[in-house]
Each structure stands twice: as C-alpha cells, then as structure tokens.
Amino acid sequence: MILLFQALVMGIVEGLTEFLPISSTGHLIIAGNLLKFLPKEQRDLFEIFIQLGAVLAVCWEYRRKLRTVATGLSGDARARRFAINVAVAFVPAGVLALALGDTIKAHLFAPVPVAVAFIAGGLMIFGLSGAGTPSASPTWRR
C-alpha cells in the first residue's frame with residue numbers, strides 16, 4: 001500500500017511539473033529520494049516510463065502538426081525548415097549525451113546537484129526578474 005501511495009505521489013509530481021518550465025526530472029529525482037521510492041535502478045525505470053506518458057501526451061496533442069510535417073517533407077518548405085530546426089537543436093545535445101552521458105548521469109542525477117541547480121536557477125530568475133525594467137512609483141502614493 002505504501003508503494004502505491006509513493007507511486008501516486010510520483011505521478012502527481014510528474015503531472016504537475018512536466019508542462020511547466022521547470023525540471024520534471026529534477027523534481028522526480030528529489031521526490032523519489034525523499035520518499036525512498038524503490039531502489040535507484042527500479043526508480044530510474046519507473047521515471048522513464050512515467051515520463052514516456054508525458055511524451056506520448058505531447059505527441060498526441062501535436063499529432064496533426066507532426067503528421068503535416070512528416071507528409072510534407074518532400075514538398076513543403078516550411079515542413080523541411082521545421083525538421084531542419086529540430087535536427088539542429090537535437091544534434092548537439094545528442095552528441096554531448098553520447099560523449100558525456102555516463103559522467104553526467106553519475107554526477108548530476110542525484111538530489112544534491114539537482115537541489116543546488118534549483119536554488120541557483122531560482123536565484124538567477126529572482127535576480128533577473130526586474131532587470132531592464134524601470135521602477136515605477138506606486139500610483140496610490142500620488
């Protein structure tokens with residue numbers, strides 16, 4: 001029963017974080033560690049499958065666009081440009097993953113580096129949130 005509750009919490013964490021501009025993987029790493037959810041290898045497999053659901057949901061949502069691009073590659077310049085842009089974005093990440101994947105996984109996919117990254121990212125967002133905008137005086141003081 002506890003395992004089912006933990007899986008439910010992990011599913012809620014994934015559902016709440018996947019479509020927000022925050023790291024769902026990072027949140028799953030921290031939540032799984034806090035819950036002591038499964039041994040690491042089993043937890044990793046669970047996280048892959050739970051995130052597969054989110055990937056399939058995105059594919060389902062964009063199925064028309066994906067179908068249009070796939071069928072238009074030979075004759076539609078916009079479809080080709082979209083495919084080229086996806087490839088240009090993917091290739092560097094793929095090469096880095098192949099070259100450094102084991103090192104990245106060994107050092108960065110743990111609760112402490114994830115928490116440090118969350119804090120650093122939060123501080124950067126907080127620090128930059130007002131950058132470039134002139135401070136306006138409150139209207140209620142007039």
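The values are calculated or read from the model by the stated rules, or taken from the named source; none is laboratory data. Every value quoted in this text rests on a predicted model; they were computed, and no experiment measured them. FYI the Cβ positions are ideal-geometry reconstructions off the backbone, even for glycines, and counts take in every protein chain you see.
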Q: Considering only segment 58-81, state which residues are surrounded by 12 or more Cβ atoms within 10 Å (Cβ to Cβ) and acidic (Asp, Glu).
A: Asp76
Q: Residue by residue through segment 30-51, note down the ones that are β-branched (Val, Ile, Thr) and modelled with pLDDT under 95.
A: Ile48, Ile50
Q | Scan of segment 1-27 for residues that are of a type in the set (Gly, Ala, Ser) and either closer than 24 Å to Ala120 by Cα or more than 18 Å from the chain's Cα centre (by Cα) (or both), ordered by number | A | Ala7, Gly15, Ser23, Ser24, Gly26
(Q) From the list Ile48, Ile30, exactly one residue is under 15 Å from the mean Cα position of the chain (by Cα) and surrounded by 14 or more Cβ atoms within 10 Å (Cβ to Cβ). Which is it? (A) Ile30
Q: Scan segment 71-87 and report the pairs whose first residue is on the phi > 0 side of the Ramachandran plot and whose second residue is exposed (fewer than 10 other Cβ atoms within 10 Å of the Cβ), with Cβ atoms within less than 9 Å and a gap of 6+ or a chain change.
A: none
Q | Criterion: hydroxyl-bearing (Ser, Thr, Tyr), at pLDDT 90 or above and surrounded by 14 or more Cβ atoms within 10 Å (Cβ to Cβ) - qualifying residue of Thr17, Thr103 | A | Thr17
